[in-house]
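Structure first, commentary second.
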Amino acid sequence: MIFGVLAALILVFGLLVVTTRNTVHGVLYLVADFLAVALLYAAMNSLFVAAIQVLVYAGGIVVLYLFVVMLVDLKRDPERVRAPGRRNAVGTFLAAAVLVELGCLGVWAALRPAAPPAAEYPGTVAEVALALYADYLIPFEVASVLLLVAMVGAILLARREI
Amino acid sequence: MVDQVVIPLLKILITLNATLVGVTFMVLLERKVIAWAQARLGPMRVGPWGVLQPIADIVKLMTKEDITPARADRWVFTLAPLVALVPALIAYAVIPFGPEVSLFGRRVTLQITDLNIGLLYIVSVASIGVYGIILAGWSSNSKFPLLASLRASAQLISYEVAVTMTLVSVIVSAGTLSMNGIVQAQLSQGVWFAFLQPLALFIYFVGGLAETNRAPFDLAEAEQELTGGFHTEYSGMRFALFFLAEYANMIVVSAVATTLFLGGWLQPFPSVQALAFLGFIPGWCWFFLKTFGFLYVFLWTRATLPRYRYDQLMRLGWKVLIPLALANLAVTGVAKVLL
């Protein structure tokens, strides 16, 4: 019941994000969307994940989006795309790939024998910490190095001379 | 039924009302404290020593005309004050005002809810408040509010890093994220974290001044440069909502500082036997006394220090406070492992 309502909200906000013409309003719908996702996590008793969702996405990343959208000159004509056909084809292919992947995951989850019952409070701080720093330490470190590389790359692109 | 619905609702009602009344009289206190600092009297006309001044202010704000500029984005313009105020108010949900007390034969905790991620909840809720300021500046469709809101949000984002880092070093000391658990940790370790983490307290308080846009970091409201600030185009009650949010945030910052560093509702030096006679004073009185102390320092700072320049503010945040907070966190971590 709660899941249905929240999922519907998330979908509606998601649609509004891509259909609204005013970009600032679009970003605001994105915030609402992320908050609804956080509520979904909270409804599943993963309070830690919910708080991180609000802190990192709604309160951090989207603030920077909003900065960019507010400061970019929207009256300027959009730059011409060199090959619109190719862009549309790649976009359609990627969207289809994601859809197929999600479908496969859904089918796999439905066919798989029922998962063992989760702990009483999944996603508490201790559990997340153990998963990140003990069970999945190497993927976690690789991901953080990837983020570091992205950060260095952004600085390199933004600064004319170094 | 009573435990699940009635008591929580009553707690929310009392907390919200106490906050709003507290905010109202904070305004009076601020005018009085600054007046005393400048050898003036402050408001004296309305009621004895001007104590009814806030009520006159509210009547004035509510009866003023509420203007929306013609070229403003009407929806966002209306939404912005609410977005600023609501996060400031819902942060009170996890603040422990006192120990468990028995009222009418029931055990009641003086806290709306004790989330096991209490501190993280406050940080994440506070990170939403910045939207109120950004949106107010943007939707006014006016130069100075936009500039002010950019200043304010850059400042908030920068200082959030240092503040969150100091909170992590407190969490490392306490071993829990629950607000009540942090108070209990100070009871069981027999020391306020202000003594274990004096640097963290300092960085937290400076960051708190910056995050609530208070002097000496009130660049978003620098009248000489910006004709007012992000709320220049607001009038009447919607203007007042921004001030409600600012003062409510000040109380949140003070209450969190009390809980994390001054032992929350614990009496001073609970492990010292000679001071045990202080036990007759209820816990919530200590809590309010300590919180009031922090609020007074907020006002005192404003009366004492001149405003920073914007580049000084950014340099202080990124080049002094964040490295200090990181060093403090590293030392805390090493000490925690070794001791």
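What to note about this one:
- Those residues of segment A:111-158 which are away from chain B (no Cβ under 14 Å), open to solvent by 100 Å² or more (accessible area, probe 1.4 Å), modelled with pLDDT under 85 and outside any helix (DSSP H, G or I), in sequence order: A:112, A:113, A:116, A:117
- Members of segment B:172-204 that are under 26 Å from residue A:63 (Cα atoms) and within 14 Å of chain A (Cβ to nearest Cβ): B:177
- Unmet criterion (only one of (1) more than 30 Å from residue B:64 (Cβ to Cβ); (2) crowded, with 21+ Cβ neighbours inside 10 Å) for residue B:298: (1)
- Entirely in segment A:1-108, the helices (runs of 4 or more DSSP H) that have 3 or more residues that are within 10 Å of another protein chain (Cβ to nearest Cβ): A:23-43, A:47-52, A:62-71
- Which listed residue is over 26 Å from the mean Cα position of the chain (by Cα) and either open to solvent by 20 Å² or more (accessible area, probe 1.4 Å) or at negative phi (or both), from B:85, B:41, B:52: B:41
- Residues that are among the β-branched types (Val, Ile, Thr) and either farther than 16 Å from residue B:8 by Cβ or open to solvent by less than 50 Å² (accessible area, probe 1.4 Å) (or both) within segment B:98-125 comprise B:101, B:108, B:112, B:117, B:122, B:123, B:125, listed in sequence order.
- Filtered residues of segment B:100-128 (kept if away from chain A (no Cβ under 13 Å) and either aromatic (Phe, Trp, Tyr) or under 18 Å from residue B:174 (Cα atoms) (or both)): B:104
- Residue B:89 vs. criteria in a helix (DSSP H, G or I), within 14 Å of another protein chain (Cβ to nearest Cβ) and modelled with pLDDT of 90 or more: no
The values are calculated or read from the model by the stated rules, or taken from the named source; none is laboratory data. All values derive from a computational prediction rather than experimental measurement. Every residue, glycine among them, receives a Cβ derived from its backbone with ideal geometry; neighbour counts consider all protein chains shown. These area figures cover heavy atoms from the full protein model, side chains too; ligands, DNA and RNA do not enter into them. Shrake-Rupley method; radii C 1.70, N 1.55, O 1.52, S 1.80 Å.
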